[in-house]
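Below is one structure; the comments refer to it alone.
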Amino acid sequence: MEFEVMFLHVIGDNVAIHCVRRFFYRLAGLEVGKGSTIHMAVRFYNPKNIKIGDDTIVGERAVLDGRDKLTIGNHVDIATDVMIYNAEHDVKDLNFRAVTAPVTIHDYVFIGPRAIILPGVTIKKGAVIAAGAVVTKDVEENAIVAGVPAVKIRDRGVKDLNYKLGRAAWFR
């Protein structure tokens, strides 16, 4: 698997055409929905456990951790430098053992630049994660969260979400 991950990093860093990158990502077991775009330099850990829905955009240099199940819904916008982890070390364990927990991101979520999502988190439909936020617990539907650790600052104010992102760039 290490060779596969390294190969995907080389493809992600050096192949400018997103449909070519997507072909190799799918070949490696990553599920990528119709109309979704993964921009350059995205890092994957065990792509076989990652599922990305339709019309979703993953920004440059994002980290998508597949050491446990990672499910990303439809019409999700993941900005540049976002890190989504589903594995971490137990700092209280004498052997510093790794622990994993799935991460689920529902439809119409926006995750701002440099946000970090930690293991075991579910982000519900329509939620907005502010830039730089560190999400350590579940986020309710249509909530806007910010801070370290992230806390709800208000509701999004829109309930009937039905937009399409549809802005795939060929050379990103």
To the nearest 20 Debye, how big is the dipole of the chain about its Cα centre, given +1 on the beta carbon of each Lys and Arg and -1 on that of each Asp and Glu?
260
Among the listed pairs 124/159; 69/124; 125/164; 34/164; 137/164, which are separated by more than 18 Å between their Cα atoms?
137/164
Percent antiparallel among DSSP beta bridges confined to the chain, rounded to 5, stands at 20
Reported label for calculated Rg and Dmax of the Cα atoms in Å given (i) 14.2, 41; (ii) 15.6, 49; (iii) 15.0, 42:
(ii)
Which value at 222 nm does the chain reach when only helices count, each DSSP H run of 4 or more adding -39,500 (n - 2.57), with the total divided by all residues and rounded to the nearest 500 deg cm²/dmol?
-4000 deg cm²/dmol
Tell me which aspartates and glutamates have Cα within less than 16 Å of residue 48's Cα, excluding those fewer than 8 residues away on the same chain?
2, 4, 31, 65, 68
Those aspartates and glutamates that a straight Cα-Cα span of less than 15 Å connects to residue 152, excepting residues fewer than 8 apart in one chain:
138, 140, 141
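Values in this text are rule-based calculations from the coordinates and carry no lab data. Predicted model only: the values in this text are computed from it and were never measured. Using ideal geometry, Cβ is built from the backbone for each residue, glycine included, and neighbour counts are taken over all protein chains shown.
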